[in-house]
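Colleague: Provided herewith is a single structure, encoded as structure tokens, for subsequent inquiry.
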Amino acid sequence: GNSVTQMEGPVTLSEEAFLTINCTYTATGYPSLFWYVQYPGEGLQLLLKATKADDKGSNKGFEATYRKETTSFHLEKGSVQVSDSAVYFCASSSASKIIFGSGTRLSIRP
Amino acid sequence: NAGVTQTPKFQVLKTGQSMTLQCAQDMNHNSMYWYRQDPGMGLRLIYYSASEGTTDKGEVPNGYNVSRLNKREFSLRLESAAPSQTSVYFCASRRLAGKEETQYFGPGTRLLVL
């Protein structure tokens, strides 16, 4: 079945640093891919998505490109802010459900 | 338009007690889901309902039952709570229109079983 593997955290960076959080997936067919963000004490919010190979999802300065050849959907941001501190989840969809990775906690130091 | 709502926000139970977690969505979505979130384990799917009138087991269904009461509401029941069910529970609904899809989450219910 489908599965998602993402980089273990926690990840700690200084403000304005470059961020990469790795995510790879296994799936039959061509799933849609997502990044969700969870701020402390809240539910998950969709950050960005891509529905087919070579699509790039982007939002709030974050980007991820759907790479079929490497089955990856890595999350990147050029200059992180303290307000980006949160837990980030990679996910892939099948017809009936969405499968989540285990989450990566990101902490940004001022 | 409230999105996905969950009640209660917090609950403390004693081992063996029962309770029902309520979830409702006002977006006319066909699919609804219950997840649990435990430290270091991400989100694990308990049960889901692909459409009104159907329910299916997810990864961790043991100890839970669900009811899709109508298109809006999807409840999760713990018949005899155990300490291992201490967790944060999230309900979600999903819009699927061709390849365009988005899943929306409720704010969560924090459950402590003593």
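The values are calculated or read from the model by the stated rules, or taken from the named source; none is laboratory data. Computed from a predicted model, the values in this text were never measured in an experiment. Neighbour counts are summed over all protein chains in view; Cβ atoms, including those assigned to glycine, are modelled from backbone coordinates with ideal geometry.
Colleague: Select from segment A:81-106 the residues that are under 26 Å from B:THR54 (Cα atoms) and of a type in the set (Val, Ile, Thr) and write down the one among them that is nearest to the other protein chains (Cβ to nearest Cβ).
Modeller: Applying the filter and picking the extreme gives A:ILE98.
Colleague: Say we look at segment B:72-109 and pick out the residues that are modelled with pLDDT of 95 or more and of a type in the set (Lys, Arg); which of these is nearest to B:GLY58 (Cα to Cα)?
Modeller: By that ranking, first place goes to B:ARG77.
Colleague: Ok, one more. Here's a check for you: in segment B:25-82, which residue that is away from chain A (no Cβ under 11 Å) and of a type in the set (Asp, Glu) is farthest from A:ALA95 (Cα to Cα)?
Modeller: B:GLU79
Colleague: Is one or more of the residues making up segment B:31-41 aliphatic (A, V, I, L, M), modelled with pLDDT of 90 or more and either surrounded by fewer than 18 Cβ atoms within 10 Å (Cβ to Cβ) or under 22 Å from B:GLU101 (Cβ atoms) (or both)?
Modeller: Within segment B:31-41 (the criterion being aliphatic (A, V, I, L, M), modelled with pLDDT of 90 or more and either surrounded by fewer than 18 Cβ atoms within 10 Å (Cβ to Cβ) or under 22 Å from B:GLU101 (Cβ atoms) (or both)), the answer is yes, since at least one residue qualifies.
Colleague: Could you check segment B:58-86 and list, in sequence order, the residues that are more than 12 Å from the chain's Cα centre (by Cα) and outside any loop (DSSP other than H, G, I, E, B)?
Modeller: If the condition is that a residue be more than 12 Å from the chain's Cα centre (by Cα) and outside any loop (DSSP other than H, G, I, E, B), then B:PRO83, B:SER84, B:GLN85 are the ones that fit.
Colleague: Identify the residue in segment A:69-104 that is crowded, with 18+ Cβ neighbours inside 10 Å and β-branched (Val, Ile, Thr) and, among all such residues, is modelled with the highest pLDDT.
Modeller: Taking the candidates together, the pick is A:VAL80.
Colleague: Same structure again: Please work out which one of (1) small (Gly, Ala, Ser); (2) within 14 Å of chain A (Cβ to nearest Cβ); (3) part of a strand (DSSP E or B) is the condition B:ALA2 fails and give its number.
Modeller: (3)
Colleague: State whether one or more residues within segment B:49-64 are buried (at least 20 other Cβ atoms within 10 Å of the Cβ) and in contact with an Asp or Glu (Cβ under 6 Å, 6 or more places away or on another chain).
Modeller: No: zero hits.
Colleague: I've got another one for you. When you look at A:ALA50, is it among the aliphatic types (A, V, I, L, M), more than 26 Å from B:GLY108 (Cβ to Cβ), within 12 Å of chain B (Cβ to nearest Cβ) and in contact with a strand residue (DSSP E or B) (Cβ under 9 Å, 6 or more places away or on another chain), yes or no?
Modeller: Criteria met by A:ALA50.
Colleague: Still on this structure, I have one more. I'd like to check which strands (runs of 3 or more DSSP E) are fully inside segment A:1-102 and have at least 1 residues that are in contact with a Phe, Trp or Tyr (Cβ under 6 Å, 6 or more places away or on another chain).
Modeller: Because the criterion is at least 1 residues that are in contact with a Phe, Trp or Tyr (Cβ under 6 Å, 6 or more places away or on another chain), the strands (runs of 3 or more DSSP E) in segment A:1-102 that meet it are A:3-6, A:19-21, A:23-26, A:33-38, A:44-50, A:62-65, A:75-77, A:86-93, A:98-100.
Colleague: Follow-up question, since we're still on this one. Considering (1) crowded, with 21+ Cβ neighbours inside 10 Å; (2) facing chain B (nearest Cβ under 9 Å); (3) without any contact (Cβ under 8 Å) to a residue 40 or more places away in the chain, say which one A:TYR66 fails and leave the rest.
Modeller: (2)
Colleague: Follow-up. So in segment B:85-100, with the set limited to residues that are farther than 13 Å from B:VAL12 by Cα and surrounded by fewer than 19 Cβ atoms within 10 Å (Cβ to Cβ), which one is nearest to the other protein chains (Cβ to nearest Cβ)?
Modeller: My answer is B:LYS99.
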